[in-house]
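Asker: Got a structure for you, questions after.
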Amino acid sequence: MTRLFSIPFLALTLAGCLAVTINVQFPQEKIDSAAANIEDLVRTPKEAPTSPAPAAPAPPRSGGGTMLIGVLGPTPVEAQVVPELKTRTPEVSAVIESRRARFSALAAAATRGCLGENNQGLTDVRPGTGCGADVAALVAAENRDRMVLYRTLVAQNSMPPGDLARVQAGFAKAHRDNAPAGAWVQDDAGQWSRK
């Protein structure tokens, strides 16, 4: 008889010890907003003051009676507010500083039409006027940093790996919106045009 009760007890005990991976699904608006904020930082000179990150609101406090019910009774499940994307980390800051150092050269090449912003959040070499041989190396370095940034944001925010494309789309939008006059931009359908 005790064996009959020990098997379900063991199963319940083991079920409580399982590791669970939680992937967070951020709305595209949050990704787009984070992308715009990061791109603003890249375009801001290092000497300019930056505003501090907004403080998270304090969680609501509950009374002691609800704690007793939570321990003894079923736990209610509530809809969670989607957290903010983690964008102020050492890894992200390092990429921002690396990109900030090359931003003026990148912007000058974009204005001459030597490079463009594609629909995957990366830069492409384009046929412009007065483009030097250094444009290809500039594009490669920028794209390397951008991909580190995108992958870091996905990993640090526990996003599913498939969300990398959503992060890239958010940054592509920010790059198109901020591209200087004369720069090449690629729309979501893949068509190139000069801004």
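Asker: Which numbered condition in (1) surrounded by fewer than 20 Cβ atoms within 10 Å (Cβ to Cβ); (2) closer than 17 Å to Lys30 by Cα is the only one that Ser193 fails?
Answerer: (2)
Asker: For the list (1) open to solvent by 30 Å² or more (accessible area, probe 1.4 Å); (2) in contact with a helix residue (DSSP H, G or I) (Cβ under 7 Å, 6 or more places away or on another chain); (3) over 18 Å from Leu106 (Cβ atoms); (4) free of Cβ contacts under 8 Å to residues at least 60 places away in the same chain, I need the number of the one condition that Arg166 fails.
Answerer: So the condition that Arg166 fails would be (4).
Asker: Next question. So for segment 51-66 (the condition being more than 18 Å from the chain's Cα centre (by Cα), open to solvent by less than 40 Å² (accessible area, probe 1.4 Å), modelled with pLDDT under 75 and more than 19 Å from Arg151 (Cβ to Cβ)), does at least one residue qualify?
Answerer: So far as segment 51-66 goes, no, none of its residues is more than 18 Å from the chain's Cα centre (by Cα), open to solvent by less than 40 Å² (accessible area, probe 1.4 Å), modelled with pLDDT under 75 and more than 19 Å from Arg151 (Cβ to Cβ).
Asker: For Thr111, all conditions in the list (1) open to solvent by 10 Å² or more (accessible area, probe 1.4 Å); (2) within 21 Å of Ala34 (Cα to Cα) hold save one; what is the number of the exception?
Answerer: (2)
The values are calculated or read from the model by the stated rules, or taken from the named source; none is laboratory data. For clarity, every value in this text was computed on a predicted model and none was experimentally measured. With ideal geometry, Cβ positions are generated from the backbone for all residues, glycine too; neighbour counts draw on all protein chains shown. Remember, those area values only see protein heavy atoms, side chains included, never the ligands or the DNA or RNA. Shrake-Rupley method; radii C 1.70, N 1.55, O 1.52, S 1.80 Å.
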